[in-house]
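The values are calculated or read from the model by the stated rules, or taken from the named source; none is laboratory data. It should be emphasised that the depicted structure is a prediction, and the values quoted were computed from it without experimental measurement. Note that each Cβ is placed from the backbone with ideal geometry, even for glycine, and that neighbours are counted across all protein chains shown. Remember, those area values only see protein heavy atoms, side chains included, never the ligands or the DNA or RNA. Shrake-Rupley method; radii C 1.70, N 1.55, O 1.52, S 1.80 Å.
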Amino acid sequence: MMPNINQNLVGKTFGHLTVLEKSNERGTQNQYKWLCRCDCGKLTTVTTGALNSGSITSCGHVRLEKSKENLKFTESRHKKQFNDNLPKTNKTGYKNISMTVRNGRKRYRVVIQVNRKQHSKIVDSLEEALQVREELRDKWWPK
């Protein structure tokens, strides 16, 4: 079946986009482009195929809003690490301190993560680990 190359999309709505007129621009494969106004008021040109397939339904403001929501979720998730609630898998009884075996010896690993950067140190005793944890918290955690 051949595509209808004589489509008139003027006045039709595709998601947030309303087609205003046929544009003089052409796509990368010489397809027609249409001048569209988004619900937010911005003008954009979109190919016939992208409108008909539904792959483009706005000027991009919807994607931007979704990414802002995802960023808020990520920030709140990272803030949860600043409380003293223990994860279910914690075996030491202290937040940010885990046990590890290095060279056949049990050691304590202290890890503080802030802004996607990890700050860690491995020590021999739990007392040292508690002290190092407080030092790392004082140095890296927001006040």
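Where only DSSP H runs of four or more residues are counted, the chain gives -9000 deg cm²/dmol as its mean residue ellipticity at 222 nm, each run worth -39500 (n - 2.57). Under 5 Å between amide hydrogens, built in the peptide plane, is the criterion, and for LEU86 it picks out nothing among residues at least 5 positions away or on other chains.
Angle of helix 126-140 to the longest C-alpha principal axis of the chain, folded into 0 to 90 degrees and rounded to 10: 40°. How many percent of the accessible area of the stretch 86-143 is carbon or sulfur, using a 1.4 Å probe? So the carbon and sulfur contribution to the accessible surface is 47 percent. Protein heavy-atom accessible surface, 1.4 Å probe, per residue over the chain: 75 Å². The angle between the Cα long axis of helix 61-79 and the main principal axis of the chain comes to about 10°, on a 0 to 90 degree scale. Here the Gaussian network model covers the chain, with springs between Cα atoms less than 10 Å apart; of VAL111, VAL19, VAL101, VAL101 fluctuates the most. Surface composition of the stretch 15-58: carbon plus sulfur atoms contribute 44% of the solvent-accessible area (1.4 Å probe, protein chains only, all chains present). Over the chain, the hull volume per residue, using the convex hull of the C-alpha atoms, is 234 Å³. A simple count of charges around GLY60, restricted to other residues whose Cβ falls under 13 Å of its Cβ and scoring Lys, Arg +1 and Asp, Glu -1, yields +2.
Taking every alpha-carbon pair under 8 Å whose residues sit at least 6 apart, the chain reaches a relative contact order of 11 percent. Among residues other than THR18 with Cβ under 10 Å from its Cβ, the summed charge is +1 (Lys and Arg +1, Asp and Glu -1).
Our coupling estimate for the stretch 92-103, obtained by passing each phi through the Karplus curve with A = 6.51, B = -1.76, C = 1.60 and θ = phi - 60°, is 8, x, 10, 5, 6, 10, 10, 9, 9, 10, 10, 6 Hz, Gly and Pro reported as x. Taking 0.36 nm per residue of separation and subtracting the Cα-Cα distance, full extension of the segment from LEU64 to ASN8 would add 17.2 nm. Rounded to the nearest 0.05, what FRET efficiency is calculated for LYS106 and LYS139 with R0 set to 30 Å and r the Cβ-Cβ distance? Approximately 0.70, to the nearest 0.05.
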